[in-house]
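S.K.: Could you have a look at this structure, given as structure tokens, before my questions?
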Amino acid sequence: MRLGTSLRQAVRGAALACAVSVAALTAAPAMAEYPSASERLDWTIAFGPGGGNDIMARTIISILEKYKLYPGEIVAQNRSGGSGAVGWGHLFNQKGNPYGISTTSGSFLTTPLKANTPWGPSSFTPVALLAADDLILVVNKDSPIKTFEDWVESSKKTAPALGGMGAVNVDFIVPTLLAEKAGYEFEYVAFNKQGELTTALLSGALDAMVVNTGEVSGLIEAGDIRPIAFTGSQTPDWLKGVPTLAEKGYDFGISAPRGVVLPPDVPKEAQDWWIKTMKEVINKPEWQEYIKKHDLTPTVLWGDEFTKFLETNQETFGRVLKAKGVIQ
Amino acid sequence: MELFDHLLLGLSVAITPINIVYLLAGAMIGMIVGIIPGFGPAAGLSILLPLTFGMDPIGAIMMLAAIYYGAMYGGTITSILLNTPGESAVVASTFDGYPLAQQGRAGPALVMQAVASFFGGTVGVILITVLAAVFALVTRSFGPPEFFMLVMMGMVTLVVLIGDNWRYGAVSALIGFALGTVGVDLETGLQRFTFGSAELIGGIEFIPIAIGLFGLGELYYAFYQGLHRAGSGGIIQYQNEKEFWPNAQDWIVSKLALVRGSILGFCVGLMPGAGATVASLMAYSIEKSSSKTPERFGKGAMEGLVAPEAANNAASAGAMVPLLTLGIPGSASTAVLLAAFVLWGVKPGPLLMEQNPELAWGLVASMYLGNMALLAINIFAIPVFVMMLKVPYRLLAPAVILVCTMGTFSVHGSIIEVWLMFAAGIVGFFMKLYGYSPAATVLALVLGPLAEETLRQTLIISRGSPLIFVERGTSLIILLITLGVVAFGIYMSHSRKAEKMKANAVDTSSE
Amino acid sequence: MRTVFAVALLLLAVFYTAMAFADFNFLSPRGRIAPGFFPQIIGSLLVFFTLSTVIIEFRRRQTEPGILPDWGVTLSVNALVGVFIVASHFLGALPGMIIFMLLTLSLLNRGKHMVNLLLGVALPVLMFVSFRFWLNAAMPPGMIGLPY
């Protein structure tokens, strides 16, 4: 939380300054009491029920309701379709409406790159980055590869087949950056469904895969697949002994951002109110439990820092994908 | 007997008054939800998942599993009564189920359908109880080459399906394949045929196309024939409904189809991904090619309904194996169940059965109970469905359109998909009118993208060499089975022809 | 009509195939299957088969047999489904459903005004209530902010 505190101070200063200027400019009387208890909060979930984004949104909503942090009614709507293009497109069209809100995930960065959406990740009013969904590089238990060094060495000899979810995704970008820096080639195999990807690794068809830790924790515990390296900044407790890429000298700072955004051009009061409220949310035991259960790395950035993070990440994404000819 | 200990443990967990209430409620809700076109098991589960948040884990998972099963049972009802499959796994049930209903045998068809579902489901659960660990090994041997071979097996069925009217059949299937190429290309991220629409980058889904081609197409066709002017009944000759129960002949022809369909369904269902759809198709084509009277198929052969029904329910049990033993979802529905496990703090994986025996065996035990409950519910509910057909067509048809449209919308909350359904309805009407095959179109839509995806994955893994298909044991086995099925079909049709010729020869000589 | 349908399919097939050849590669520079591989094969086959059906339909040149077709009602119902989707999109699910039911019933079930009115309102309300409150399923909310 070291980063969090210092950021918090910086953001608070900036926020205050902005708040004053915006208030002076607009002096919107309607915004005097945000949030109003009579307005319904429309929470867009850009994916179907049961997915990572859905669970996170519903966790936050249940915390908001349990501790009565939000005065009015909250309605969660799954607006799935087009890898998030539909849901976030809906939020984008609610310009200036402080009663629309949504949760982000990896596709928040990648969908605009592949679909030419009218919005980009920085079009929205940022509230906070709350956590990062990190990946783990794993191999089959029968693989001769035991350590990260083994992996790099054997990859330099023969290009391995590495599986991941989708082509325009963190799953492709992180291994590509790693291969570039470590100086080896690899064949990337894109999958549509996690189940098929995991069985492909178990069947020995793939040499390795990158996957969200939570998806395979059971298989790792049972020893069916072996973790080689973790892409986040800090290895989760139960994976002690698995090195992070940063420890091995490959720090890319890329991950799927799990955060909260409001529609574009929302009044400063609403943004500040949400920053203040989300600060309370992440200190609740339910949130801590959620982070732990889903193996997320708590990575907290507030307001404009979040936008900056999104911009840097998207820039890297765009550069890598263009270089590899995946997007034009 | 460790096995019985496990099962007893499961039953002791499952049989509490409150859990039985959840189970029954789940089965009922699932069945009703399954009947609404658009709400397959997956959509039903994900919509109802939030309802279970407040419950205790075992009760909730029992209820969700019951919804899953119930929806599988319910899905067939519209296939039989309205020729509208709500899910790709029940497309095969329309082939003979709908003709049966048209001939005034909706009652027997629905009863046999429920029996077949029960039989398939129960065989599936018994196999899970006894041999889950062994079957987990099958799942473990499945990579892209094996998937491709499996999809090819399903494609063979398409050929059986197209049959005599091959030119129209080929056009129908190719339309499906073409629709399947819409969306973002998985490997390169390139957009194909999306015309810049964000809604299309995920591809064209089964539901709007199937509901349009079958549901609306069938309705327009009925209007075209002027059925709205008829007093009652309509597409289906309710007036001719003589008896509600299946007759002895129905049981005799279905006996072996039940067994074959169930075992085949379970085995194919073990494989994450294609599972139930391929299973039901294969069961149908095996039944047809092994039959002495294949010409009855497609015109109301009871075994042609029973086999795919037993297969798709057994497959839905089979899909639980990868979920319980490896933590891998085998279908869209089991993916929702997996999410539910995670939600309740259960870590799915190979250790699930050891670490959470109550939950795992409670779930298995609840499947036995659920299947029994569903059989009973079905038998009681079938008269109600058959009664529904008494409603004059001019009143029934608008209601069906209402449900189809809202059902399609609710899947993704997308108005574009509703328009797709609308367009598919017009095309479906003409296809029906002029003898094309909507079934070939929707099956090609499901199988085509899978074939492309898995073939390309395979060739990347093998660095371009097609030999990988024969080098990997499981893939080779599936290839051999497929060739065997094809050879058997050709042999049977030849021997039938020869027999007929012999019979003709005898006839003429005796004259 | 038969020929018209076949020709329409042929035109769509040609359009699809032309796009497949114009926009995508058959093989990637490394000799792998590229995004255009399957679309080009499917498209070519589709053009071939639809062309052959068109030829057959032209040769057939016979009147369609069978029952007296009711084109009027078929087309009207189709148009009403279109109206239904537009109405649901702009006004919301419940008004859309009621409008559709009332119009369709007045077409199909002529003269029975009371029955039509009752069914036309009761059924949509029942659907709406069960979808919204019981199934918790999404329905078109409407664009002009009617309480849906």
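The values are calculated or read from the model by the stated rules, or taken from the named source; none is laboratory data. Predicted, not measured: the structure shown is a model, and the values here were computed from it. Positions of Cβ are backbone-derived with ideal geometry, glycine not excepted, and every protein chain shown enters the neighbour counts.
S.K.: Which of the residues belonging to region C:25-48 are more than 7 Å from chain B (Cβ to nearest Cβ) and without any contact (Cβ under 8 Å) to a residue 24 or more places away in the chain?
M.R.: Within region C:25-48, C:N25, C:F26, C:L27, C:S28, C:P29, C:R30, C:A34, C:G36, C:F37, C:Q40, C:I41, C:F48 meet the criteria.
S.K.: Also, quick follow-up: Looking at region B:181-190, is at least one residue closer than 25 Å to B:A42 by Cβ, at pLDDT 90 or above and either in contact with a strand residue (DSSP E or B) (Cβ under 9 Å, 6 or more places away or on another chain) or more than 8 Å from every other protein chain (Cβ to nearest Cβ) (or both)?
M.R.: Taking every residue of region B:181-190 in turn, at least one turns out to be closer than 25 Å to B:A42 by Cβ, at pLDDT 90 or above and either in contact with a strand residue (DSSP E or B) (Cβ under 9 Å, 6 or more places away or on another chain) or more than 8 Å from every other protein chain (Cβ to nearest Cβ) (or both).
S.K.: Additional query: Within region B:456-487, count every residue that is more than 12 Å from chain A (Cβ to nearest Cβ) and either more than 24 Å from the chain's Cα centre (by Cα) or surrounded by 13 or more Cβ atoms within 10 Å (Cβ to Cβ) (or both).
M.R.: 14
S.K.: Go through (1) modelled with pLDDT of 90 or more; (2) under 24 Å from the mean Cα position of the chain (by Cα) one by one and return the number of the condition C:I41 breaks.
M.R.: (2)
S.K.: Working only within region A:113-157, note down all residues that are over 20 Å from A:T235 (Cα atoms) and hydroxyl-bearing (S, T, Y).
M.R.: A:T117, A:S122, A:S123, A:T125, A:S143, A:S154, A:S155
S.K.: Let me ask another. Would you be able to tell me the number of residues in region B:346-360 that are in contact (Cβ under 8 Å) with a residue 24 or more places away in the chain and within 7 Å of another protein chain (Cβ to nearest Cβ)? Steps first, answer last, please.
M.R.: Restricting attention to region B:346-360, the residues satisfying the condition of being in contact (Cβ under 8 Å) with a residue 24 or more places away in the chain are B:346, B:348, B:350, B:352-353, B:357-360.
Those still in the list that are within 7 Å of another protein chain (Cβ to nearest Cβ) too: B:348, B:350, B:352.
Residues meeting the conditions: 3.
S.K.: While we're looking at this one, here's another question. Tell me which helices (runs of 4 or more DSSP H) are completely within region B:8-102 and hold 3 or more residues being over 22 Å from B:L343 (Cα atoms) and out of contact with any strand residue (DSSP E or B) (no Cβ under 7 Å at 6 or more places or on another chain), or say none if there are none.
M.R.: Fully inside region B:8-102 and qualifying: B:17-35, B:57-82, B:91-102.
S.K.: Of the conditions (1) in contact with a Gly (Cβ under 7 Å, 6 or more places away or on another chain); (2) more than 10 Å from every other protein chain (Cβ to nearest Cβ), A:Y188 clears all except one; give me its number.
M.R.: (2)
S.K.: If A:V139 passes every condition in (1) part of a helix (DSSP H, G or I); (2) at pLDDT 95 or above; (3) of a type outside the set (K, R) but one, which one does it miss?
M.R.: (1)
S.K.: In the set C:S44, C:S76, C:S88, which member is within 23 Å of B:N165 (Cβ to Cβ) and polar (S, T, N, Q)?
M.R.: From the options C:S44, C:S76, C:S88, the qualifying one is C:S44.
S.K.: Among the residues of region A:204-248, how many are touching a Lys or Arg at 6+ places or on another chain (Cβ under 9 Å), at pLDDT 90 or above and over 28 Å from B:G143 (Cβ atoms)?
M.R.: So the count comes out to 0.
S.K.: Can you work out which of the residues in region B:338-348 that are assigned to a loop (DSSP other than H, G, I, E, B) and surrounded by fewer than 22 Cβ atoms within 10 Å (Cβ to Cβ) is modelled with the lowest pLDDT?
M.R.: Ranking the qualifying residues of region B:338-348, first place goes to B:G345.
S.K.: State whether the residues of region A:55-63 include one that is at pLDDT below 90, assigned to a loop (DSSP other than H, G, I, E, B) and among the basic types (K, R).
M.R.: No: region A:55-63 contains no residue that is at pLDDT below 90, assigned to a loop (DSSP other than H, G, I, E, B) and among the basic types (K, R).
S.K.: Taking only region B:153-212 into account, find how many residues are buried (at least 24 other Cβ atoms within 10 Å of the Cβ) and aromatic (F, W, Y).
M.R.: Here the count works out to 1.
S.K.: Answer yes if at least one residue in region A:43-63 is within 14 Å of chain B (Cβ to nearest Cβ), surrounded by fewer than 18 Cβ atoms within 10 Å (Cβ to Cβ), within 29 Å of B:P329 (Cα to Cα) and over 16 Å from the mean Cα position of the chain (by Cα), and no otherwise.
M.R.: yes
S.K.: Determine which member of the set B:A487, B:A397 is without any contact (Cβ under 8 Å) to a residue 24 or more places away in the chain, farther than 30 Å from A:G82 by Cα and of a type in the set (A, V, I, L, M).
M.R.: One residue alone meets the criteria, B:A487.
S.K.: Here are some residues: B:T139, B:T157, B:T122. Which one is within 14 Å of chain A (Cβ to nearest Cβ), polar (S, T, N, Q) and either in a helix (DSSP H, G or I) or under 26 Å from B:E295 (Cα atoms) (or both)?
M.R.: Just one listed residue meets the conditions, B:T139.
S.K.: Here's a follow-up. Sort out which residues of region B:122-146 are more than 19 Å from A:T198 (Cα to Cα) and either polar (S, T, N, Q) or touching a His at 6+ places or on another chain (Cβ under 7 Å) (or both), and write them in order of number. Write out each step before concluding.
M.R.: Residues of region B:122-146 that are more than 19 Å from A:T198 (Cα to Cα), as a first pass: B:122-131.
Correct list: B:T122, B:T129.
S.K.: Take the residues in region B:434-467 that are touching a Gly at 6+ places or on another chain (Cβ under 9 Å) and more than 22 Å from B:T277 (Cβ to Cβ), then tell me which one is modelled with the lowest pLDDT.
M.R.: So the residue we want is B:G464.
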